[in-house]
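J.: Here it is: the structure, laid out below.
Read the figures in this text as sums done on the coordinates, not as results from a lab. Computed from a predicted model, the values in this text were never measured in an experiment. Quick reminder, even Gly has a Cβ in these numbers, built from the backbone with ideal geometry, and neighbours come from all protein chains shown.
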Amino acid sequence: MTYEETLHYLYTSIPVFQNAGPSAYKPGLGTSIALDDHLGNPHKAYKTIHIAGTNGKGSVSHLLAAILRQSGYKVGLYTSPHLIDFRERIRVNGEKIPKEYVVDFVERHRPFFETLDPSFFELTSSLAFDYFRAEKVDYAIIEVGLGGRLDSTNIITPILSVITNISLDHTQFLGDTVEKIASEKAGIIKKAVPALIGEADRHSVAQVFTDAADKVGTTVYFAQDEGLLKESYLTDTGEWCLEATEYGQLFGELGGLVQFRNATTVLGAIRLLKAAGVDIPAEAVREGFKQVVELTGLMGRWQVLQKHPKVVCDTGHNVGGWQYLNIQLEEERKQHQHLFMIVGMVNDKDIDGVLELMPKEAFYFFTQASVQRAMPAEKFAEKAARHGLSGMTCDSVPEAVEKALARAGQDDIVFIGGSTFIVADALPLFLKENK
């Protein structure tokens, strides 16, 4: 098979959550364990760090990968979903898995995994674990796909478990309260493996993690209680300057107010990794924060795609993310003449909760992403109108981008988001190449 044929097979033969939603969700570890045994337990060939959480796990994963790489290690990074290319999910030292490896893996193991009927994510996780072994990585950062306890990545025994934060998302799978969701994500906490919690704003949520750690016999740490960051502010160049207790000034390449919280989580993780004997020089921490995009290929986190007019995209797609994006957009609106919003969402999110947080003083281009789960633009616009948001509907993201850029002046700002998949459809319009 060619690479394109292999991807077509994966996307059409196996349910893909980002397209199909609930029908692709397959909880439980039985199939993952069977695949892992068939491959010879590749994840045991290197050390792993497990990252779960409702928001921020992608940024935290990429920052840790960048810092470990700058510390001189060979680092695997497994994240989801991808934005443009499937291979974004699996990287070693920032480089995407080769197309040839994907094709060969599927061809070699297709007869076996077809007998198991694995989910797309189960198969992709196995591919990542196998590739990292072949590349002889020192460390692999493994991001949870959904939840934690029953996620197919939860067959690993990491040297550190990290849970970034908890908010309401995927409630049909994980529970309808933050405590229930915390309990599912706490499922990655394992015996004798230190666990770090980035944010636990409610005592009841913190107690879930403390109880889970006590039950399995390990220690849980709360990053927000460690005094790791003193303050943060935005520089004239658009970088975040973070005043860290142990490292002094850190310049963060990732924009957005939420990155202050993510930085606290990362610094907490570094402290625990160093306590476990991982050599991480101070300069590697500084360089990792400063060059995370270049070092890892991270996209879609308050990413500036164009300057005049300013075009920004962000993958924030739930209430937890929009609590920060709303503040950020209000600040941006003060600095620009007009704010234009290209937005759409998928059906299984708290759409009304997010719409309530979107800025009222903006002109909207309501659209839909090219995935099955996308809410039709007309229906989304109707919901938005009930929250005082107005504008026009567009059948596709490219149409919305074209119309927004035609309308925006040089001193205006255009925001693209509401869903990871809206950003995924927009990025190729601005990025001339995707190595």
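J.: For segment 346-398, which trypsin sites (Lys or Arg not before Pro) are both in a DSSP coil and crowded by at most 16 other Cβ atoms within 10 Å?
T.: Counting only loop positions with at most 16 other Cβ atoms within 10 Å, the trypsin sites (Lys or Arg not before Pro) in segment 346-398 are LYS360, ARG386.
J.: Right, another one. Residue farthest toward the positive end of the dipole of segment 3-296, with Cβ of Lys/Arg at +1 and Asp/Glu at -1: which of GLY227, GLN259, LEU196?
T.: Positive-end residue among those listed: LEU196.
J.: I'd like the distance between the alpha-carbon centres of segment 81-100 and segment 386-434, rounded to an integer number of Å.
T.: Here the answer is 25 Å between Cα centres.
J.: Another question about this same structure. Can you tell me which lysines have their Cα less than 17 Å from the Cα of LYS383? Leave out same-chain residues fewer than eight positions away.
T.: Of all the lysines, those that pass the test against LYS383 - Cα under 17 Å, at least 8 places apart if same chain - are LYS349, LYS360.
J.: Pull up the cross-link candidates among the aspartates and glutamates for LYS403, meaning alpha carbon to alpha carbon under 12 Å and not fewer than 8 places away within one chain.
T.: ASP395
J.: If you don't mind, there's one more thing I want to ask. Convex hull over the alpha-carbon atoms of the chain: what's its volume per residue in Å³?
T.: Per residue, the Cα convex hull of the chain comes to 132 Å³.
J.: About the Cα centre, and with charges only on the beta carbon of Lys, Arg (+1) and Asp, Glu (-1), how big is the dipole of segment 303-430? Nearest 20 debye, please.
T.: Computed about the Cα centre, the dipole is about 80 debye.
J.: Please report GLU361, GLU253, GLU122 as a ranked list, fewest other C-beta atoms within 10 angstrom at the top and most at the bottom.
T.: Details: GLU361 11, GLU253 20, GLU122 26.
Ordered by Cβ neighbours within 10 Å, fewest first: GLU361, GLU253, GLU122.
J.: Pairs of alpha-carbon atoms within less than 8 angstrom and 6+ residues apart define the contacts here; what relative contact order does the chain have, in percent?
T.: For the chain, the relative contact order is 16 percent.
J.: Here's another thing I want to ask about it. Dipole magnitude of segment 3-296 about its Cα centre, charges +1 at Lys/Arg Cβ and -1 at Asp/Glu Cβ only, in debye to the nearest 20? Each step should come with its number before you reach the end.
T.: Values: 28 positive and 38 negative charges, 123 e Å.
Charge dipole, segment 3-296, about its Cα centre: 580 debye, nearest 20.
J.: Ratio of segment 1-153's C-alpha Rg to 2.2 N^0.38 Å, to two decimals?
T.: Ratio of Rg to 2.2 N^0.38 Å for segment 1-153: 0.98.
J.: Between LYS99 and PHE251, what is 0.36 nm times their sequence separation minus the Cα-Cα distance? Round to one decimal in nm.
T.: That works out to 51.3 nm of additional length.
J.: May I ask for the Rg/Rh ratio of segment 137-231, computed from Cα atoms with Rh as the Kirkwood radius, given to two decimals?
T.: Radius of gyration relative to Kirkwood radius: 0.96.
J.: I would also like to ask the following. Bin all alpha-carbon pair distances of segment 303-430 at 5 Å intervals from 0 and give each bin's fraction as a whole percent.
T.: 2, 12, 25, 27, 22, 10, 2, 0
J.: Starting with the fewest neighbours, write out LYS180, LYS215, LYS334 ranked by other beta-carbon atoms found within 10 Å of each beta-carbon. Each step should come with its number before you reach the end.
T.: Details: LYS180 15, LYS215 11, LYS334 7.
So the residues, fewest neighbours to most, are LYS334, LYS215, LYS180.
J.: Which value does Rg/Rh take for segment 217-309 over its C-alpha atoms, Rh per Kirkwood?
T.: 1.00
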